[in-house]
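I have placed the structure first, in the form of structure tokens, so that the comments after it can refer back to it.
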Amino acid sequence: MSDAANTELDALVIGAGFAGLYQLLCLRDRLGLSVKVLEAGGGVGGTWYWNRYPGARCDSESHVYWYTFSEELMREWEWSERYPGQAEIMRYLNFVADKFDLKRDIQFNSRVTSAQYHEATNRWQVRTEDGQTFIAKFLVTAVGCLSTANVPAIPGLQNFKGDWYHTGQWPHEGVDFTGKRVGMIGTGSTGIQAAPVIAARAAHLTVFQRTANYSVPARNVPLTAEFKKYVKQHAGDIRATTHQTYNGMGFKVDDRKAVETPPEERETIYEAAWERGGLQFRASFQDMLVSKEANDTAADFIKRKIRSIVRDPKTAAILSDIDHPYAAKRPPIDTDYFETYNRPNVSLVDVRATPIERFSAAGICTSEAEYPVDIIVFATGFDAMTGPLLRMNIRGRGSVALKDVWEAGPRNYLGLQIAGFPNLFTITGPGSPSVLCNMPVAIEQHADWITDCIKFIRAKGLERIEARPEAVDRWVEEVNDVANKTLLPLATHSWYLGANIPGKPRVFMPYAGGMIRYREICQTVAAQDYEGFALS
Ligand code: N01
């Protein structure tokens, strides 16, 4: 611990996105702790700081994609569109950080490279890339679930003479596609958002699709003055609704069942949901994510829509040849995605049939052909959920490495604490609803729970909290049980299962029991003096 900048704190938070900002506010302003946030980026924003790719926009509607801890803040801020775009979210998070004077306690451009728990002192020692060391009693990771970019290890990228970019590490100055031949790999939520915008500027866009994907129109629009007024007047009601819905959204899942609804009526319901647009499509029927028969009706509807939009039958067949249940992978929403394939400057390559084998100096080579391009866009996703935690080299009691403890997959209690890692809290970690929930709702619940927990520890004159191994076993079982009651594990190549990263253990990572159930469990645990945790 001999480094120059050896700062001792009550709490250290890693990450200055939605989670880190609110956790800082809670611990500093409500508990009066000395707190610092270390952030790898040059500003606040987290995922939105890095994901500046063309078309980047949230899929939660703006009136629920924000903090709700302050009704004053909810009345002060005004969103301009149905879904907030990346730039507007950045303005919002900067507005919040400035309003609550948060930036003075955030150290930017500081990537954490190790975090080590010292038993003798009951302190965490955290190091940054530039060699600084920080000492803190409590360590909170607010590193996001989708912040470790996955650039697939396809040979030859170093030989490629053009430029390449991963969407999750997009240059701040932007990329000029004018007159360029662009090859984009990946058709997840990101690729589906980026393709129409790139196609509108590039000379030619070739999309390389491995797994065909569903998408429903977002139907983004500017918000009317009337709706903005409604949001201001009903800030409290909107907050209450997001606490009463399965996934923290502003809409409820309908009570009716697809399998019990006559086909013509079902078609009318899907048609209306398609026209309304957005993630609400999956709320059309309550059995959509638990019954394959019900899900097939939604899948069939969307596949027919794809075939009716895309004019070239061969392209339409490749796009609609979808092998997993609807919404078993994260369901994208889009603006003119399938319509983009009707443009003369867009083509699709099926890399399931003809895999990408290597990059050449000129472009992308599949088993069948070489596609010369000037720019390659990797919309290839992330080492999700565990990736951002494991890359920080976290070591707990006895210097045991988190990567060894999680060798067979993540194991923790409530998604919040790991046995053997005292006083370490993970916001939206694996085993929490996180990515299956509207993120700010999940984040506020976690940060509030952690704040109450630390308050309790201090009030009782305690020093340490640590998940008990038996509580971890119980929680892992609960996470598996609730996932197995749904169709979610059936998308065997999904990042929810870690299947997008070669060699990663296949474990269903998020908690699929819903935010309401999760919140209740966390409340009960706290009310029972933190049952399942060892306090000392
Ligand atoms: O990443 P993904 P993403 N060769 O992992 C393909 C959130 N998000 O960045 O399916 C060829 O979903 C891969 O193919 P396959 C949201 O939670 C939200 O799009 O593995 N292809 C897939 O098509 C989302 O789910 C918003 O076969 C390869 C794609 O790359 C999450 O972020 C917007 C390949 C990756 O899709 C991640 O989305 C954007 C290879 N070697 C993102 N490797 C909104 O709020 C990967 N692929 C709207």
Inset, instruction - Can you send over the carbon and sulfur percentage of the accessible area for the chain, probe radius 1.4 Å, protein chains only? - result: 49 percent
Inset, instruction - Indicate the helices, whole DSSP H runs only, in the chain that combine a mean Kyte-Doolittle hydropathy of -1.0 or more with a Cα extent along their long axis of 15 angstrom or more. - result: 86-99, 189-201, 292-309, 439-459, 469-484, 515-527
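Grab the eigenvalues of the alpha-carbon gyration tensor for the stretch 328-405, scale each by 5, take roots, and send me the semi-axes largest first in whole angstrom. Before the final figure, lay out the partial values.
On the way: eigenvalues 280, 75, 26 Å².
Equivalent-ellipsoid dimensions as semi-axes: 37, 19, 11 Å.
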Inset, instruction - For the stretch 1-142, just the Cα atoms, rotate onto the principal axes and tell me the three extents in Å, largest first. - result: 52, 33, 22
Legend entry - Residues of type aspartates and glutamates that LYS137 reaches as a straight line, Cα spacing below 15 Å, ignoring anything fewer than 8 places off in the same chain: GLU8, ASP10, GLU119, GLU463, GLU466
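Counting Lys +1, Arg +1, Asp -1, Glu -1, what net charge surrounds GLY532 among other residues with beta carbon under 12 Å of its beta carbon? Provide the component values of the computation, followed by the final result.
Numbers: positive: ARG468, ARG474; negative: GLU466, GLU470, ASP473, GLU478, ASP529, GLU531.
With Lys, Arg at +1 and Asp, Glu at -1, the neighbours total -4.
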Legend entry - Eligible lysines near LYS161 by straight Cα distance, threshold 25 Å, same-chain separation 8 or greater: LYS180
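What is the mean projected area of the alpha carbon convex hull for the stretch 265-326, to one decimal in square nanometres?
Working: hull surface 17.2 nm².
For the Cα atoms of the stretch 265-326, the hull's average projected area reads 4.3 nm².
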Inset, instruction - Working from the alpha-carbon coordinates of the stretch 332-470, get Rg over Rh, Rh being the Kirkwood radius. - result: 1.17
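When Rg is the radius of gyration of the Cα atoms in the stretch 70-131 and Rh is its Kirkwood radius, what does Rg/Rh come to? Don't jump to the answer; show the numbers that get you there.
Details: Rg = 17.7 Å, Rh = 15.0 Å.
Rg/Rh: 1.18.
Once the mean 1/r over all distinct Cα pairs of the stretch 396-515 is inverted, what Kirkwood radius in angstroms do you read off?
Values: mean 1/r = 0.0659 Å⁻¹.
Taking every pair of different Cα atoms in the stretch 396-515, averaging 1/r and inverting gives 15.2 Å.
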Inset, instruction - Using the structure shown, list the pairs from LYS99/LYS455; LYS460/LYS504; LYS103/LYS228; LYS229/LYS252 with a Cα-Cα distance above 32 Å, or answer none. - result: LYS460/LYS504
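Tell me the net charge near ALA200. Cut-off is 10 Å between Cβ atoms, ALA200 excluded, with +1 for each Lys or Arg and -1 for each Asp or Glu. Walk me through the numbers before you get to the answer.
Numbers: positive: ARG201, ARG343; negative: ASP336.
Net charge in that neighbourhood comes out at +1.
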Inset, instruction - Whole Å is fine, so just give me how far the alpha carbon centre of the stretch 263-326 lies from that of the stretch 375-419. - result: 34 Å
Inset, instruction - Let me know the Rg and Dmax you get for the stretch 208-301 when you use only its Cα atoms, in Å. - result: 15.7, 46
Inset, instruction - Give me the accessible area per residue for the stretch 259-310, probe 1.4 Å, as a whole number in Å². - result: 45 Å²
Inset, instruction - Run a plain Debye calculation on the stretch 120-200 (Cα atoms as equal point scatterers, no solvent) and give log10 I(q)/I(0) at q = 0.16, 0.17, 0.18, 0.20 Å⁻¹, rounded to two decimals, same order as the q list. - result: -0.83, -0.88, -0.93, -1.06
Inset, instruction - Report, to two decimal places, the Cα Rg of the chain normalised by 2.2 N^0.38 Å (N = number of residues). - result: 0.97
Legend entry - Charge sum, other residues only, whose C-beta stays under 13 Å from LEU402's C-beta, Lys/Arg counted +1 and Asp/Glu -1: +3
Inset, instruction - Once you have all Cα-Cα distances for the stretch 467-536, histogram them in 10 Å bins from zero and send the whole-percent values. - result: 19, 41, 28, 12, 0
Legend entry - Heavy-atom surface of the stretch 391-491, accessible at 1.4 Å and reported per residue (Å²): 35 Å²
Inset, instruction - For the stretch 167-187 and the stretch 104-132, compute the distance between their C-alpha centroids and round to whole Å. - result: 34 Å
Legend entry - Theoretical ellipticity at 222 nm over the chain - DSSP helices of four or more residues, -39500 (n - 2.57) apiece, nearest 500: -9000 deg cm²/dmol
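Rg(Cα) of the stretch 311-359 divided by 2.2 N^0.38 Å? Kindly include the intermediate steps, with their values, before the conclusion.
On the way: Rg = 12.7 Å, N = 49, 2.2 N^0.38 = 9.7 Å.
The stretch 311-359 yields a ratio of 1.32.
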Legend entry - Descending Cα extents along the principal axes, the stretch 15-99, whole Å: 39, 30, 18
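Could you order peptides 308-319, 280-291, 439-450 by the average number of other Cβ atoms within 10 Å of their residues, highest first? Could the numbers behind the result be given before it?
Details: 308-319: 16.2, 280-291: 20.3, 439-450: 23.6.
Final packing ranking: 439-450, 280-291, 308-319.
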Legend entry - Set of lysines with alpha-carbon distance to LYS314 below 19 Å, sequence-local pairs under 8 removed: LYS303, LYS305
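Ranking request for peptides 478-488, 97-107, 132-142: highest mean number of other beta-carbon atoms within 10 Å first, then the rest in descending order.
132-142, 478-488, 97-107
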Inset, instruction - Output the peptides 496-504, 193-201 sorted from most to least packed, where packing is the average of other Cβ atoms within 10 Å over each peptide's residues. - result: 193-201, 496-504
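How big is Rg to Rh over the stretch 230-283, alpha-carbon atoms, Rh as the Kirkwood inverse-mean-distance radius? Show your work: numbers first, answer last.
On the way: Rg = 13.7 Å, Rh = 12.8 Å.
Radius of gyration over Kirkwood radius for the stretch 230-283 works out to 1.08.
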Inset, instruction - Using only the alpha-carbon atoms of the stretch 104-256, report the extent along each of the three principal axes, biggest first, to the nearest angstrom. - result: 60, 56, 35
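The values are calculated or read from the model by the stated rules, or taken from the named source; none is laboratory data. These numbers were taken from a predicted model, which means no experiment stands behind them. Quick reminder, even Gly has a Cβ in these numbers, built from the backbone with ideal geometry, and neighbours come from all protein chains shown. Accessible surface is based on the protein model in full, side chains and every heavy atom, while ligands, DNA and RNA are left aside. Shrake-Rupley method; radii C 1.70, N 1.55, O 1.52, S 1.80 Å.
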